[in-house]
């Protein structure tokens, strides 16, 4: 009996230790979440970053005499630069899209900040990676970029990987579009995918009731019985959105043959150049290192720091979006030559 009580007491002690550890983690996480829930604009000089990287490499490969000579040259160059007239600036923004274009919230603040200081002699460079997603969300993101064009501030979009569907809706706003040779662009089309469980519910003896006010308040549904009239109405709505999409593309790239490119297809960079979807082939690194010789480049990012609780809740949503992106990637890879 004594041995049993001793073991039972040890078990309770272990349980209490685990529970206490979990409570501590939750408290610390909640505290960290409160501290991190602070928004802010971050600015980084890319010219300094490039010089620093080059300096680290020179230090590793040059001999001491060569290092001293290089250091003197850099000081001389810095003094001359300080006395010279201000150079035009380039403001670099990064946008990595998801289904909801959630980066639009940060993009709004970044564009607002740039508009307060930029002039037509300056330039905005957007490094864009976006598979597309919800129409209204990506339309809002594109509208943020249109604010730059409306103020006649040159906007260059660089696509290293993908700007498709809603991503291309954003890209086409640019004054110029640069794309890597194997970047994916286009997909000017609209898609609706809705599973229907009506037959399964019938088999299980489950009735589905849907009561609406308004003839077209709900057409195609997940659980009800869909009719040809429902499908026709949904198709009309998709065609209407497609027309809006084509109109937006035509506004900024009037030379495009929309009958050729607005088919929902996507193309790689070199082919996209032939079709007029992009203006130049090259990576964002090539563009920025070239611009650094003539402009002062600043990377601008607005961080919206969510509390830890919201970040944890968003993990499921993020996982679903990654699954969708993986499906999109598998579909793309299935078209590659073997």
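Values in this text are rule-based calculations from the coordinates and carry no lab data. The structure presented is a predicted model; accordingly, all values stated were derived computationally and were not measured. Positions of Cβ are generated from backbone atoms using ideal geometry, with glycine treated the same way; all protein chains shown enter the neighbour counts.
What per residue convex hull volume, in Å³, comes out for the range 191-253 when only alpha-carbon positions are used?
Residue-normalised Cα hull volume stands at 84 Å³.
Under the classification rounded if a/c is under 1.5, otherwise prolate if a/b is larger than b/c and oblate if not, where does the range 221-266 fall, given a ≥ b ≥ c as square roots of the Cα gyration tensor eigenvalues?
Values: a/c = 3.71, a/b = 2.99, b/c = 1.24.
Judged from the Cα gyration tensor, the range 221-266 comes out prolate (a/c at least 1.5, a/b above b/c).
Could you line up 94, 116 from fewest to most neighbouring Cβ atoms inside 10 Å?
With the fewest neighbours first, 94, 116 line up as 116, 94.
So for 91, 223, 208, fewest C-beta neighbours within 10 Å to most, what's the order?
208, 223, 91
Please work out the C-alpha center-to-center distance from the range 166-209 to the range 217-245 and express it in whole Å.
14 Å
Taking the alpha carbon gyration tensor of the range 57-170, what are the square roots of 5 times its eigenvalues, largest first, to the nearest whole Å?
Those come to 38, 20, 10 Å.
Classify the range 262-306 from the C-alpha gyration tensor, please: rounded if a/c falls under 1.5, else prolate or oblate depending on whether a/b exceeds b/c. Don't skip to the answer; put the middle values down first.
Details: a/c = 3.80, a/b = 1.43, b/c = 2.66.
Note, shape of the range 262-306 comes out oblate.
Can you give the alpha-carbon Rg of the range 142-259 over 2.2 N^0.38 Å, where N counts its residues? Provide the component values of the computation, followed by the final result.
Numbers: Rg = 20.0 Å, N = 118, 2.2 N^0.38 = 13.5 Å.
In units of the 2.2 N^0.38 Å rule of thumb, it is 1.48.
Counting other C-beta atoms within 10 Å, which of 194, 281 has the fewest, and how do the rest follow?
Neighbour counts put them in this order, fewest first: 194, 281.
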